[in-house]
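Colleague: Take a look at the following structure, please.
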Amino acid sequence: MDLAKQYLSQCLIAAANNLRLSSEKIETVAILRDRLNSAENLADEIKSFKKVTELSKLGIKLGEIQNFIENGKIDFLKLSDRFKEHSYSLVRELNGVLDILTPQAANALFRVSDDKSANEIIIVPQAGITKVQEKIAAPEVELPRRSRADEIREALIFDDIIKEKEFNFENFEDSVLRPVKELDAFLNRVIKFDFTENEINKYVKLMNENAELSRKIGFEILSNMHSIFARGLEIINQKKISPSPNVIESLRACLIVIVAVVRGKEVEITNYLTRAENFGKTIFPKQREK
């Protein structure tokens, strides 16, 4: 497998690991991953994704990542950070695909894509279930049953994704992004010591709650950014550090990373991430060394 395929495949898996998926949705992710891995021409395969309504947004993101790998100037010292950005940028689009496509519908889409003479199909979402309707009757194709070995293999591949409860990315996104503008404005007051203890405790509590929420669903970067921000406010309130311009900008860097990651913005955030994490090491020295 070439580098671009490996990179995209792992980005897709990392994105899936940030969603709580049912076994059916895990199967759909596996179909998408295998489709990319087995493509004779990766660029053409991604173009075919873009032409399908249900896959178009995911295809656009995959195309951007492929272009970075094949045509961009890669700094291998920072590649891990870029991988995190790329994988998180797929979460929203992947979640949207999985809300629409069942494994059967995904296989049907790809069968029609491969066979230009196949009958036209329509994807019809009904009551949360995606059905495939054919305009002209076609012979049924029985899909092979998934063995217990297949299920175990998929669980290993996807790092035992929690399946008990569906995860609503839109609700999570709202919880995380809603306070950001208010917090950014609050930092402008903190630097002037214009805040009350109740105010700062309220924001510390909020950010710790969002850090825990992010941690539970596997968003390690987001969890860290929230924890660093909360701890920074806490020790400012305790007068252990002064809200200097450097400290405030480090806290603001946490907010920038949170927004960029959740929104999947194609911007370079490595410097902000590094600044926030370095600040975190100064306020969580023992924890960060572990």
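Colleague: Between Glu197 and Ala43, what is the label-to-label distance in nm when each label sits 7 Å out along the Cα-to-Cβ direction?
Modeller: 6.4
Colleague: Across all directions of projection, what mean area in square nanometres is found for the Cα convex hull of segment 169-289?
Modeller: Working: hull surface 28.8 nm².
So the mean shadow area of the Cα hull is 7.2 nm².
Colleague: Can you tell me how much longer the chain between Glu173 and Lys240 gets when fully stretched, taken as 0.36 nm per residue apart minus their C-alpha distance, in nm with one decimal? Please list the in-between numbers first.
Modeller: Details: separation 67, 0.36 × 67 = 24.12 nm, distance 3.21 nm.
Gain on extension, Glu173 to Lys240, equals 20.9 nm.
Colleague: Loop only per DSSP, at most 16 neighbouring Cβ atoms within 10 Å: give me the trypsin sites (Lys or Arg not before Pro) in segment 65-104, ordered by residue number. It would help to have the intermediate numbers written out before the result.
Modeller: Numbers: sites: Lys73, Lys78, Arg82, Lys84, Arg92; in loops: Lys73, Lys78.
Answer by residue number: Lys73, Lys78.
Colleague: Follow-up. Note down the net charge around Ile248, summing +1 for each Lys or Arg and -1 for each Asp or Glu among other residues with Cβ under 11 Å from its Cβ. Let's see the in-between values first.
Modeller: Values: positive: Arg189, Lys192, Arg252; negative: Asp184, Glu249.
Within the 11 Å Cβ shell, the charges total +1.
Colleague: Now, a different point. Please work out the FRET efficiency for the pair Gln10 and Glu209, using the Cβ-Cβ distance as r and a Förster radius of 30 Å; give the result to the nearest 0.05.
Modeller: Details: r = 31 Å, r/R0 = 1.02.
So, using R0 = 30 Å, E works out to roughly 0.45.
Colleague: Pulled fully out, how much extra length does the chain show between Arg111 and Glu268, if you take 0.36 nm times their separation in residues and subtract their Cα-Cα distance? Before the final figure, lay out the partial values.
Modeller: Working: separation 157, 0.36 × 157 = 56.52 nm, distance 3.77 nm.
Gain on stretching Arg111 to Glu268: 52.7 nm.
Colleague: As an exercise, use a Förster radius of 22 Å and the Cβ-Cβ distance of Asn67 and Asp2 to find the FRET efficiency, rounded to the nearest 0.05. It would help to have the intermediate numbers written out before the result.
Modeller: Details: r = 15 Å, r/R0 = 0.66.
Plugging the Cβ-Cβ distance into 1/(1 + (r/R0)^6) gives 0.90.
Colleague: Which order do the peptides 10-17, 241-248 take when ranked by the mean count of other beta-carbon atoms within 10 Å per residue, highest first? Walk me through the numbers on the way to the answer.
Modeller: Working: 10-17: 21.1, 241-248: 13.4.
Answer by packing, highest mean first, reads 10-17, 241-248.
Colleague: Where in segment 33-89 are there chymotrypsin sites (Phe, Trp or Tyr not before Pro) that are in a DSSP coil and have at most 16 other Cβ atoms within 10 angstrom of their Cβ?
Modeller: Numbers: sites: Phe49, Phe68, Phe76, Phe83, Tyr88; in loops: Phe76.
Sites meeting the loop and neighbour criteria: Phe76.
Colleague: With a point put 7 Å past each Cα toward its Cβ, work out how far Asp99 is from Lys281 in nm, to one decimal.
Modeller: Between Asp99 and Lys281, the label points sit 3.9 nm apart.
Here, each number is a calculation from the coordinates, and none is a lab measurement. Computed from a predicted model, the values in this text were never measured in an experiment. Positions of Cβ are backbone-derived with ideal geometry, glycine not excepted, and every protein chain shown enters the neighbour counts.
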